[in-house]
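I have placed the structure first, in the form of structure tokens, so that the comments after it can refer back to it.
Derivation of every value follows stated rules applied to the coordinates shown; laboratory data play no part. Worth saying up front: this structure is predicted, and the values here are computed from it rather than measured. FYI the Cβ positions are ideal-geometry reconstructions off the backbone, even for glycines, and counts take in every protein chain you see.
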Amino acid sequence: MSRFDGLTAGVARILMYSTRVCPYCIRAEQLLAKKGIAPDQIEKIRVDEHPEQRAEMLRITGRRSVPQIFIGDRHVGGFDDLAALDADGELEPLLRG
Ligand SMILES: N[C@@H](CCC(=O)N[C@@H](CS)C(=O)NCC(=O)O)C(=O)O
């Protein structure tokens, strides 16, 4: 069991640019769920519904694919980047804020 399980206070802001159909977004949510982050703790911006937000995502991240994940002020990147951060032991400290 992760030390992060069940922790709801002191969680950094999590923002995810996503689309309705997005397997990598689901994988990111599943990984975050393993760290005790409930779906409603993830602020989602649906770029398929808001083209202006897609343009904003591209502008601030330089990337076109979803998800694009921010934890606190840090642009983590996509699911692969999130998983790499976890493998390096850096995800939980980042989530704690
Ligand atoms: N390596 C990326 C792959 C992301 C990816 O392929 N996302 C799909 C949706 S699930 C996508 O945005 N495809 C359209 C594109 O790449 O422009 C990650 O781990 O996030």
Under a Cβ-only charge scheme (Lys and Arg +1, Asp and Glu -1), can you give me the dipole magnitude of region 7-92 about the Cα centre, in debye to the nearest 20? 220
Below 8 Å, C-alpha to C-alpha, sequence gap of six or more: please give me the relative contact order for the chain in percent. 35
With angles folded into 0 to 90 degrees, how steeply does helix 51-61 sit against the dominant principal axis of the chain? Use alpha carbons for both and round to 10. 60
How tilted is helix 23-34 with respect to the longest principal axis of the chain? Cα atoms for both, answer in degrees (0 to 90, nearest 10). 20
In terms of modelled amide H atoms, which long-range or inter-chain residues lie less than 5 Å from the amide H of ASP48? ARG20
